[in-house]
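In what follows, a single structure is set out as structure tokens and then discussed.
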Amino acid sequence: MIDAFGSQHAVGHPVAGQAFAAAVGALAGHRPDAGAHLEAALAAEPALTAAHALAGMAGVVLAGKDHLADAAIHLQRSREALGRNGGGTAFERALVGALDHAVAGRLRAAADVLDDFLYCDPNAFLAAKLSHALRFMTGDVDGMVSLTARLSLECERSNAGYGYLLGCHAFGLEEIGRLHEAERVGRAALAVAADDAWGLHAVAHVFESRGQTAEGTAWLEQHRPVWTRCNNFSRHFAWHLALFALERGDHDAVLAIYDRDVGTDLSGDFRDFANAASMLWRLRQLGIDPGAARWEALAEIAHRHARGTTLVFAQLHFLIALIGAGRRDEAAAFAEFIHDSGRAATDQANVARNVGAELAFALVQGEPGGVSDVPVGFLARRLHRLGGSHAQRDVFLQALAGMAQAAGDAAGLRQVLAVRRRHKADDPSVTKLLRRPNSASAHVPADPMGGDRR
């Protein structure tokens, strides 16, 4: 049985197949009913291997130790389903093999398994979507783009996932600085799949990278009916609206968006928390006090959940919440926790060793009013290993720039801004920084790598 998204199942249960395809469609559009459809598929056919594997991958992406334990249960169930189905299809075996790696903390190896399968079957949209998500989490933008560039040519246009695949490709293009092409492909994705949140998101990133705040705001408002129907991804779109408001200096609008759409119900998904913590930190770096109550609310969540996350990117956002709330001792202890997590044998332990722990210590040392001796330029060039987008990691680039300025490190500041300007036009945060003492020699060309700024 092959569904509209190119998923091939060993069992031929039509109700289960339709429910699974609905789950994949909801995943593609980031709609909140994906889990309900997946449950319906398993209720109709408990031996539907791909449904167990997809449920497990959902746990991996949430990047929590509890979610990872649930993912391990789904891995076992998917293995059992393969056995009952005579070894299953190549698609099912690829999903289970990828989940096996992912549960063990080998996210890039998991993506490699999916990519290898996609060389044989470029129409298996779910495998592409999961590979894209895993590579996004691990900062492998080159892997993202190389996969989607090939599949955008090889995937059949009749595949129900084709428009969503274009949206994924658009985002990767934006992340490597091909902004004109990213905007074109993102708009094309929406022309094929009108609810493609990822293509919509990619174009919003293009406007953010160029510093086109009016155009970006208009784009998001024009497509509000699309992104407000999303799952918690809608909070991230609201975060982008707040970013545009921040760049135009409308701090009241930023806080209004924060209180209404960004800073509520943050204990369930690290991505929601990252939106909130980074927005308050950006205000803080501009000298805008968002209020102790907002910081304290975040710090309480960080206190409860920080040590339960498996992703360094998420850990660092919990850390800045503790720092912002003035919990210096707790923040210092958590920085040590990030350092100690680097002793494991997982992808994220490698991230902690190579960038996460050093950045964590630097953030703690720089508070309150302290000066860190971290080599900021060297650290800035490694931030992509944290995963996430340039826009998300920019909060840390801004922090490094502030550290260089506070230390009178003009060379370090130049290096940080050179990294930043490859993907982001100067904005009020940089303008204000460069007006301070010790910043006179921080000028670098606006786009030293010659990126596509059109």
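Quick one: pull the percent of accessible area on the chain belonging to carbon and sulfur, 1.4 Å probe, ligands and nucleic acids left out. Don't skip to the end; give the middle numbers.
Details: 9170 of 16930 Å².
The C+S portion of the solvent-accessible surface of the chain is 54 percent.
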- line: Rounded to one decimal in nm, the spacing of the 7 Å Cα→Cβ label points at Ala191 and Ala406 is 4.9
field: Ordering of 116-128, 271-283 by burial proxy (mean other Cβ atoms within 10 Å per residue, highest first)
entry: 271-283, 116-128
- line: Rounded to the nearest 0.05, FRET efficiency between Met1 and Ile73 (Cβ-Cβ, R0 22 Å) equals 0.30
message: Taking the Cα centre as origin and putting +1 on Lys and Arg beta-carbons and -1 on Asp and Glu beta-carbons, what dipole magnitude results for the stretch 51-120, to the nearest 20 debye?
response: 120
- request: Starting at the first residue of the stretch 414-431, write each ³J(HN,Hα) from the Karplus equation 6.51 cos²θ - 1.76 cosθ + 1.60 with θ = phi - 60°, in whole Hz, x for Gly and Pro.
  value: 4, 5, 5, 5, 5, 4, 5, 6, 5, 10, 8, 5, 4, 9, x, 5, 6, 4
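Among 134-145, 287-298, what's the highest-first ranking by average C-beta atoms within 10 angstrom per residue?
The peptides rank, most packed first, as 134-145, 287-298.
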task: Would you mind getting the accessible area per residue of the stretch 223-295, heavy atoms of the protein chains only, 1.4 Å probe, in Å²?
output: 36
message: For a quick check: with amide H placed at 1.01 Å from N, whose amide H comes under 5 Å from Gly64's, ignoring anything fewer than 5 positions away on the same chain?
response: Thr310
message: What distance in nm lies between label points placed 7 Å from Cα along the C-beta direction at Leu434 and His180?
response: 2.4
field: lysines with Cα under 29 Å of Lys432, excluding same-chain neighbours fewer than 8 positions away
entry: Lys424
Nearby lysines by direct alpha-carbon distance to Lys129 (threshold 24 angstrom, same-chain neighbours under 8 apart not counted): Lys65
message: I'd like the Karplus ³J(HN,Hα) series for the stretch 272-284: coefficients 6.51, -1.76, 1.60, θ = phi - 60°, whole numbers in Hz, and an x wherever there's a Gly or Pro.
response: 5, 5, 4, 3, 5, 4, 5, 5, 5, 5, 4, 4, 4
field: Rough spin-label spacing in nm, given labels placed 7 Å along Cα→Cβ, for Thr264 and Ala160
entry: 3.3
query: Which of the trypsin sites (Lys or Arg not before Pro) across the stretch 154-236 are loop residues per DSSP, with 12 or fewer other Cβ within 10 Å?
result: Arg157
Rotationally averaged projected area of the chain (alpha carbon convex hull; nm²): 19.5
message: On C-alpha positions alone, give me the angle between the axis of helix 233-247 and the longest principal axis of the chain, in degrees, nearest 10.
response: 20
statement: Toy charge model, Lys and Arg Cβ at +1, Asp and Glu Cβ at -1: the chain dipole around Cα centroid in debye, rounded to 20, equals 820
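Accessible area per residue for the stretch 144-222 in Å², computed with a 1.4 Å probe and the full protein assembly in place, what is it?
Per residue, the stretch 144-222 has 33 Å² of solvent-accessible surface.
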Chain lengthening between Gln8 and Ala425 when straightened (0.36 nm per residue, less Cα-Cα): 145.7 nm
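The values are calculated or read from the model by the stated rules, or taken from the named source; none is laboratory data. Note that the structure is a prediction, hence the values are computed from the model and not measured. Cβ: placed from backbone, ideal geometry, glycine included. Neighbour counts: every protein chain shown. The area values use the complete protein model at the heavy-atom level, side chains included, leaving out ligands, DNA and RNA. Shrake-Rupley method; radii C 1.70, N 1.55, O 1.52, S 1.80 Å.
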